[in-house]
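I have placed the structure first, in the form of structure tokens, so that the comments after it can refer back to it.
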Amino acid sequence: MNCPFIRNAFRPRPSLWCGLLVTLLAGCSLAQADYSTHPQAQAFIAEMVEKEGLDRTAVQALLAQAKRQQTVIDLMSRPAEKTLTWGPYRDIFVQPDRIQAGAQFWHTHRAVLREMEAHYGVPPEIVVAIIGVETFYGRITGNFRVLDALATLAFDYPPRAKFFRSQLKHFLLLVREQNKDPLAFKGSYAGAMGLGQFIPRSYRNYAANYRDDGFIDLWDPQDAIWSVANYLTAPEHDWRRGQQIALPARLTGPLTDAAQAALFNGKLKPELSLAALRTLGIAATVKVPDDRALATPILLNGHNGPEYWLGLHNFYALTRYNHSQLYAMAVHDLAAAVRTAYADRR
């Protein structure tokens, strides 16, 4: 039997795909209600066949095995970054168990983290903190089948259907390239995978192999460490070696409601210099690296009232991983706490 799903791809284990296709075809009836017969799936199948060289029958068989997950839609509709203020959000990630687990993760993988910092210029605590925020160091990597999550969002979640159809495409290409069983991958409700929670496009474009041994395994701490750093330092994310992330700040005087709304507008990308921001009413409370450095003003609602920060370029780089000020600040704070805990262990 021909193995159509790996056409135009490397073929180290063609029997895997042949056997998988037989199983899929035997286990599904195209007459039943499934994603292979979804009205919007036909255009997707045609694209995968005509533009990517996949076999129509194989793609249909895979989509027939995808199960709609209402929980995925429910979770996508209320992410923590949009439902929590800074105080309770920070409490989830910057707490003793996660801090100590981060120090232990750093200790266990200190040699790889040392190599990573030398190669990429990302401090170990930043990579450790991202893995800590994303999956609690591998404890919570997600139990949804990636195929189910992506199909559900691609065809039954209109607000972001276009984005997730793209991710579903990248997932099918990923498993072809890696020669893996598409039904075996599990991840988050958004289809993110591994310790660093890479969505399929990021897996294909930024995942890096520490040992250079073929398959990039994002569930392996070494590949996960290397991949997170590779993601941050990619030209389009542009982590800058040796630069700060954020500066604590204060208001230099009272602001009208309109002025405060204009200043703290939620933008992630730094656009104004520290000097310009000082004239608008917010200044760092610590020595600044350069008055000409660009920053974005941040207002967080903490347990004890408002907190003011100035996010620098590397803060913006962190938001490329997750487009949220809360997320970037959680990584920033967890990184600092983990670094202290790691130093105390030595």
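Numerical summary
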read-out: Lys, Arg +1 and Asp, Glu -1 on Cβ, resulting dipole of the range 246-311 about Cα centre, debye, nearest 20; value: 100
read-out: Cβ-Cβ FRET estimate between K186 and R241, R0 fixed at 35 Å, reported to 0.05; value: 0.50
read-out: Distant-in-sequence amide H partners of D181 (H built 1.01 Å from N, under 5 Å); value: none
read-out: Estimated [θ] at 222 nm from DSSP helical runs (n ≥ 4, -39500 (n - 2.57)) normalised by residues in the chain, nearest 500; value: -15500 deg cm²/dmol
read-out: Label-point gap, in nm, between A111 and D290 - each point 7 angstrom along Cα→Cβ; value: 3.8
read-out: Loop-located trypsin sites (Lys or Arg not before Pro) in the range 33-72 whose Cβ has at most 12 other Cβ within 10 Å (DSSP); value: K51
read-out: Cβ-Cβ FRET estimate between T279 and R345, R0 fixed at 35 Å, reported to 0.05; value: 0.20
read-out: Highest-MSF residue in the chain out of V146, V228, V49 [GNM, Cα springs under 10 Å]; value: V49
read-out: Sequence-separation-based contact order of the range 246-311, relative, with Cα cut under 8 Å and 6+ spacing, percent; value: 44
read-out: Segment A118-D74, length gained on full extension (0.36 nm per residue, minus Cα span); value: 11.7 nm
read-out: Simple label model, 7 Å out from Cα along Cβ direction - D97 to A43, nm; value: 4.5
read-out: The chain shape via C-alpha gyration tensor axes, a/c threshold 1.5; value: prolate
read-out: Cα shape, the range 237-290, gyration tensor, a/c 1.5 rule; value: oblate
read-out: L255 versus S166: modelled label distance in nm, points set 7 Å from Cα along the beta carbon direction; value: 3.2
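FYI, it's all coordinate maths here, none of it is from the lab. It should be emphasised that the depicted structure is a prediction, and the values quoted were computed from it without experimental measurement. Using ideal geometry, Cβ is built from the backbone for each residue, glycine included, and neighbour counts are taken over all protein chains shown.
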